[in-house]
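The next block holds one structure in the form of structure tokens; read it before the comments.
Laboratory data are not the source of any read-out in this text; all were calculated from the coordinates shown. Computed from a predicted model, the values in this text were never measured in an experiment. FYI the Cβ positions are ideal-geometry reconstructions off the backbone, even for glycines, and counts take in every protein chain you see.
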Amino acid sequence: MTKLVIESMTSPDQIDAVLAVEEACFTNPWTRAMYLAELDNHGVSFCYLAKEAASGTVLGFCSFWRILDELHINNLAVLPERRRTGVATVLLDYVLHEGTELGARRATLEVRRSNDAARLLYERFGFAVAGTRKDYYTKPVEDALVLWREPLR
């Protein structure tokens, strides 16, 4: 596995790298304006970048909100050519640890019903299906599975 560095996104200068991963991974990616708003939402919004240690290239990222004692994972993405190399595992492990440090006691997220690889990753981390959001996703329209992990530690 490539040696990784995980760092917090703290500057608008880092958004281009996140958007490049978004565009490569999602059919309905978040926009620059959305990430700028996230940067302004101190104490609630967090985004961590997984960078290749040698080159500094952003290979993936995970964004989440900490709301009271809950961690809401918004996006977890890894460049398609770097998937299945452990990047998502390192990122998710880091984010869940950070969430507990921030006082979260449980975590939740939505995942496309058809995204078997992501579901398997989340299940390895103790997430379980708690419900469905009908037609939650667009491009294409698809249900989301709502996953929870409790307790977070």
- [ ] Determine the sum of side-chain charges near F26: Lys and Arg each +1, Asp and Glu each -1, restricted to other residues whose C-beta is under 14 angstrom from that of F26.
- [x] -1
- [ ] Counting only C-alpha contacts under 8 Å and six or more residues apart, can you give the relative contact order of region 4-108 as a whole percent?
- [x] 26 percent
Open item on the list: Report the gain in length on full extension from E150 to W65: 0.36 nm times residue separation, minus Cα-Cα distance, nm rounded to one decimal.
Closed with: 29.0 nm
Open item on the list: At 0.36 nm per residue, and after removing the present C-alpha to C-alpha distance, how many nm does the segment from K3 to T85 gain when stretched out fully?
Closed with: 28.5 nm
Open item on the list: Starting from 0.36 nm per residue, how many nanometres of slack lie between A37 and K139 once their C-alpha separation is accounted for?
Closed with: 34.4 nm
